[in-house]
1. With the crude spin-label approximation of a point 7 Å out along Cα→Cβ, what separation in nm comes out for residue 20 versus residue 69?
2. What nm distance separates the two modelled labels at residue 90 and residue 60, each placed 7 Å from Cα along Cα→Cβ?
3. Does segment 29-71 come out rounded, prolate or oblate, given a ≥ b ≥ c as the square roots of the eigenvalues of its C-alpha gyration tensor, rounded meaning a/c under 1.5 and, failing that, prolate meaning a/b above b/c?
4. Helix-only estimate, please: 222 nm mean residue ellipticity of the chain, summing -39500 (n - 2.57) across DSSP H runs of length 4 or more and dividing by its residues, to the nearest 500.
5. Below 8 Å, C-alpha to C-alpha, sequence gap of six or more: please give me the relative contact order for the chain in percent.
6. I need 1, 16 ordered by Cβ neighbour count within 10 Å, fewest first.
7. What is the Cα coordinate range of segment 6-87 on the first, second and third principal axes, sorted by size from largest, in whole angstrom?
8. Using Cβ contacts closer than 10 Å as the measure, can you line up 3, 51, 92, 36 from fewest to most?
């Protein structure tokens, strides 16, 4: 089972293009350096929200260790105000992967 964040950021009006440049040019590479995976990123139809999932590994301890390293990095500490100046609101939900239903055995003489 993996642990991740579902993050929904409301971006300040007129700042989405700047946010996307900052995210793809600096934030995503820094996350990779700290073994945090960006699973996907989306913008809503209104162009006001940036929705993304980032994963950390298997345990809450993985999440805590990797976030501590990321938020303690020199780049983050020097740029946190610039990053957060783009955000009107943040919603962060911890999510965990789930197993699907067990495979059903094929009935004798039948299809699986």
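Throughout, read-outs are computed from the coordinates displayed, never taken from laboratory work. On a predicted model such as this, the values are computed, not experimentally measured, just so you know. In this analysis, Cβ positions are derived from the backbone assuming ideal geometry, glycine residues included, and neighbour counts consider all displayed protein chains.
1. Computed distance between label sites residue 20 and residue 69 equals 3.1 nm.
2. 2.0
3. Note, shape of segment 29-71 comes out prolate.
4. It lands at -9000 deg cm²/dmol.
5. This gives 43 percent for the chain.
6. 1, 16
7. 36, 26, 17 Å, listed from the longest principal axis down.
8. Working: 3 18, 51 14, 92 10, 36 21.
In order of increasing Cβ crowding within 10 Å: 92, 51, 3, 36.
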